[in-house]
Amino acid sequence: MNPLVAPEAGQGRAHGGLTALSVNVNRIALLRNSRPVGIPDVVRLATQALQAGADGITVHPRPDARHITAKDVCDLAALLVQWPMAEYNIEGNPFHNLMPLVREVRPHQATFVPDSVEQATSDHGWDLTRDGARLRPLIDELHGLGVRVSLFMDPDPAAMALAREVGADRVELYTEAYARAHGRPEGVALTERYAQAARAAHAVGLGVNAGHDLNRDNLGDFLRAVPGVAEVSIGHAIAADALELGMAETVRAYQRCIRQSQDPR
């Protein structure tokens with residue numbers, strides 16, 4: 001699916017220098033799977049997101065197929081072929097079910113996440129002193145397939161050089177701690193730590209993505225404080241907002257947040 005390798009790890013493909021918005025459709029699939037009637041339709045809503053201006057689609061298939069299924073992965077890959085300026089990001093643990101899916105569809109980006117099989121959601125980044133040697137050959141393999149690799153990481157500036165050493169192209173900063181502290185006194189120092197991690201990543205040649213619990217209330221502040229974020233991946237909040245606003249208007253609202261946070265005026 002992906003004949004192109006991004007020329008610069010930190011650059012989006014066609015976003016005019018703005019942070020790219022990738023819509024995670026896991027929650028849509030979770031709702032669909034609660035009843036055997038096929039609604040809501042994951043591909044249809046992903047299409048609506050792209051039509052409204054989303055820069056990409058993210059999925060995180062789990063081994064138990066609790067939300068995104070292998071069929072969804074392939075169906076969305078076929079959809080993204082029709083949207084050559086959008087990117088497909090597949091997340092997951094490369095030691096579980098991720099690698100066969102990535103080998104099959106060859107997305108633009110694979111994000112390695114160190115979640116366990118039983119986890120409800122991702123809740124920590126990689127410990128590269130422990131897992132780096134195991135990750136390196138998998139990263140090398142995906143580079144051979146033309147797939148960019150991002151590592152899900154806690155905002156630890158010292159760990160960014162390790163991510164680069166194992167061959168990653170980008171890191172995705174795990175932002176739940178930021179979201180929980182947003183608007184509180186402790187949030188100022190924590191946000192600065194994310195900014196330091198981003199600067200450390202850029203200093204060693206890594207691109208920076210971010211995701212987890214970002215929403216319309218906290219996204220703009222994050223992007224104003226943390227330099228050079230290439231992509232944000234947002235799922236739960238977008239699905240919740242779409243219940244009120246509809247998918248198209250929700251995507252437009254998030255894109256407004258991004259534009260307003262990065263307007264130089």
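Laboratory data are not the source of any read-out in this text; all were calculated from the coordinates shown. Computed from a predicted model, the values in this text were never measured in an experiment. All Cβ positions, glycine included, derive from the backbone under ideal geometry; neighbour counts span all protein chains shown.
Would you mind working out the magnitude of the charge dipole of the chain relative to its Cα centre, with +1 at each Lys and Arg C-beta and -1 at each Asp and Glu C-beta, to the nearest 20 Debye?
Roughly 420 debye for the chain.
The length gained by stretching the chain between A65 and Q260 to full extension, at 0.36 nm per residue less their Cα-Cα distance, is 66.5 nm. Taking 7 Å steps out from each Cα toward its Cβ at A189 and E244 produces label points 3.3 nm apart.
What percent antiparallel are the DSSP beta bridges of the stretch 121-265, to the nearest 5?
On the way: 0 of 13 bridges.
For the stretch 121-265, the DSSP antiparallel bridge percentage is about 0.
In deg cm²/dmol, rounded to 500, what helix-only [θ] at 222 nm does the chain give when every DSSP H run of at least 4 residues adds -39500 (n - 2.57) and the total is split over its residues? My calculation for the chain gives -13000 deg cm²/dmol from helical runs alone.
Peptides 67-77, 205-215 ranked from most to least packed give 205-215, 67-77, packing being the mean of other C-beta atoms within 10 angstrom over each peptide's residues. Note on the stretch 23-261: the alpha carbon radius of gyration divided by the globular reference 2.2 N^0.38 Å gives 0.96.
Each Lys or Arg adds one and each Asp or Glu subtracts one; over the other residues with Cβ under 12 Å from the Cβ of D127, this totals -1. Peptides 164-171, 187-194, 34-41, 101-108, ordered by how many other C-beta atoms sit within 10 Å of their residues on average, highest first, read 164-171, 101-108, 187-194, 34-41.
Electrostatic tally near H67: other residues with Cβ closer than 10 Å to its Cβ, Lys and Arg +1, Asp and Glu -1, net +2. V226 sits among other residues whose Cβ lies under 11 Å from its own Cβ, and their net charge, with Lys and Arg +1 and Asp and Glu -1, is +1.
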